[in-house]
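Notes follow once the structure below has been shown.
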Amino acid sequence: MSNIHMDSKNMKIEVLVVPVSDVDRAKSFYEALGWRLDADFVTGEDFRVVQLTPPGSECSIIIGTGVTSAVPGSLQGLHLVVFDIETARTELVNRGVDVSELFHDVGGIFHHSGIEGRINGPDPERRDYGSFASFSDPDGNSWVLQEVKTRAAGR
């Protein structure tokens, strides 16, 4: 019997399933980002599970064959929270990733979908949660870097 206490009120996102068309190509892309390869299990031609975790994250992604019916590239706006968005962007660019320039949103709260409402440059006041950059994986699943230096209360 485990001595780990699980509070039934706590729910943590542990894994996100990312739909891809070519598992090996996606695996190479995410490994090139510096993500840790946690697992690569194949049980047949129709089932493969590959799990990768971004540096410092408690949440992983799963790509694979037979793991989702979602259309490859249909996952949009997944957020990677970083302390220093300029450094994070530069590191991704140095790894060969096509990352947008830094931007903030015209509304100043959260970014709109796609490129609507984007204003070039980081948030002018460098407020937490207000500066972004974006990139996509080879299938078009989109990711957003979001700068947070001090988390909001209760987070």
note = From the option list Leu92, Leu37, single residue qualifying as in contact with a Phe, Trp or Tyr (Cβ under 7 Å, 6 or more places away or on another chain) and under 28 Å from Lys149 (Cα atoms) is Leu92
task = Return the only residue of Asn120, Asn94 being under 30 Å from Asp22 (Cβ atoms) and at pLDDT 90 or above.
result = Asn94
message = Anything in the range 10-54 that is aromatic (Phe, Trp, Tyr) and in contact with a Pro (Cβ under 6 Å, 6 or more places away or on another chain)? List them, or say none.
response = Phe29, Trp35
message = If a residue counts only when it is in the same structural domain as Gly114 (by TED's automatic domain parsing), which strands (runs of 3 or more DSSP E) contained entirely in the range 1-97 have at least 2 such residues?
response = 78-82
request  = Restricting attention to the range 101-110, report how many residues are surrounded by 17 or more Cβ atoms within 10 Å (Cβ to Cβ) and either in contact (Cβ under 8 Å) with a residue 40 or more places away in the chain or assigned to a loop (DSSP other than H, G, I, E, B) (or both).
outcome  = 1
task = Would you tally the residues in the range 111-155 being under 17 Å from the mean Cα position of the chain (by Cα) and either within 20 Å of Ile61 (Cα to Cα) or outside any loop (DSSP other than H, G, I, E, B) (or both)?
result = 16
ask   = Somewhere in the range 43-50, is a residue touching a residue at least 60 places away in the same chain (Cβ under 8 Å) and either in contact with a Gly (Cβ under 8 Å, 6 or more places away or on another chain) or closer than 21 Å to Asp139 by Cβ (or both)?
value = no
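Scan the range 61-82 residue by residue and report those that are among the small types (Gly, Ala, Ser) and surrounded by fewer than 18 Cβ atoms within 10 Å (Cβ to Cβ).
Scanning the range 61-82 gives Gly66, Ser69, Ala70, Gly73, Ser74, Gly77.
The values are calculated or read from the model by the stated rules, or taken from the named source; none is laboratory data. Values in this document were obtained by computation on a predicted structure and should not be read as measured data. As a convention, Cβ positions derive from the backbone with ideal geometry for all residues, glycine included, and neighbour counts pool all protein chains shown.
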